[in-house]
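Report on the following structure.
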Amino acid sequence: MDFKQLRAFLTVAETGNVTRAAEVLHLVQPAVSRQLRLLEEDIGAPLFDRGRHGMSLTPAGQSLVAYARRAMLELERARVEIGAADNEVGGVVTLGLLPSTIDILSSPLVGAVASQYPGVRIRIAMGYAGTLLRWLEAGEIDAALLYGAARSAEVQSTPLIEESLWVIGPRDAGLRKSRPVRLAQLVGRKMVLPSAPHGIRALVEHACAVGKVTLDICAETNALSVQRSLVLGGHGLTILPPIAVAEDLRSGKLSGAPLADPPIARTIVLALPSNRPTGRHVRCAVDLLVEEARKAVEAGQWPEGRWLA
């Protein structure tokens, strides 16, 4: 297989049609069909089911998609990095950020990279810690900010920030920073929590088990935006780091109070792969990511964040 075959395969997989793929690739349709045929002969299995209404991936095709995307990503990284001038830091850097941190970090990070390393192109991927860890291990991202120490032989992690978790509720819940809430006080209150195995959910469940507390969970979600929306709608309280809803707390749309007895905190770590080299351009972008996180904590833009690094 070669670059042209993989590109044709991925384009057909995305468009579901050889004709549309040919338009995207600026090729004639027979050329795209030939690339697919050669790839299938090389793989030794059909990659598409060809029907009247388009083309759908076979099980073999579905397996190949993930590998092909990673291969194309690595080739793109190499092309951009090699194409940079000898004295210029250049290349594609893909960074993974948690939903709770992406708003506060993405804009200053992109600005800092553009100013200091114009040859570097930043890609930002958002995901929860488990997803980011899998992407990092698979080589789909170059570095990530994760919750907790990454338990993986293929990843090295450095603690950056410790942040307390708060009880978050609508404006009329009357929660205040000066009045911490004991975990036991949440018994009997409707709770909206992240779905397992989300890191915050694991922390809350552990605290509940130690304190022999049972919470009334009325809804679970793996989307921070849905969690926020349900709380704003009065469906229950939630537990989050205040940075996740910092603007809502500042504007008074939501109210919040620190958790106490026991206090619950999470640690944000910088995760880098240990199973492959980290290029100079990645290191430069990561250094700026760490610097922007430090600035946010020191400027008070990261509520309840404590700098560890």
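Nothing in this text is a laboratory measurement; each read-out follows from the coordinates by a stated rule. Being a predicted model, the structure only gives us computed values, none of them experimental. Note that each Cβ is placed from the backbone with ideal geometry, even for glycine, and that neighbours are counted across all protein chains shown.
Residues of segment 235-251 being within 17 Å of Gln185 (Cα to Cα) and not aliphatic (A, V, I, L, M), which ones? If the condition is that a residue be within 17 Å of Gln185 (Cα to Cα) and not aliphatic (A, V, I, L, M), then Gly236, Thr238 are the ones that fit. Those strands (runs of 3 or more DSSP E) of segment 1-100 that lie entirely within it include none in which at least 2 residues are at positive phi and surrounded by fewer than 17 Cβ atoms within 10 Å (Cβ to Cβ).
So that you can scan it fast, the table gives a plain yes or no per residue for (1) without any contact (Cβ under 8 Å) to a residue 24 or more places away in the chain; (2) charged (D, E, K, R):
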residue: Val204; (1), (2): no, no
residue: Val210; (1), (2): no, no
residue: Glu220; (1), (2): no, yes
residue: Leu230; (1), (2): no, no
residue: Gly234; (1), (2): no, no
residue: Val245; (1), (2): no, no
residue: Ser251; (1), (2): yes, no
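Looking at segment 190-309, the strands (runs of 3 or more DSSP E) lying wholly inside it that each contain 2 or more residues that are surrounded by 17 or more Cβ atoms within 10 Å (Cβ to Cβ) sit at 190-194, 238-240, 254-260, 265-273. For segment 232-245, the criterion of being over 23 Å from the mean Cα position of the chain (by Cα) and under 14 Å from Trp166 (Cβ atoms) is met by at least one residue. So, of the residues in segment 127-145 that are out of contact with any His (no Cβ under 8 Å at 6 or more places or on another chain) and not in a helix (DSSP H, G or I), which turns out to be surrounded by the most Cβ atoms within 10 Å (Cβ to Cβ)? That would be Ala144.
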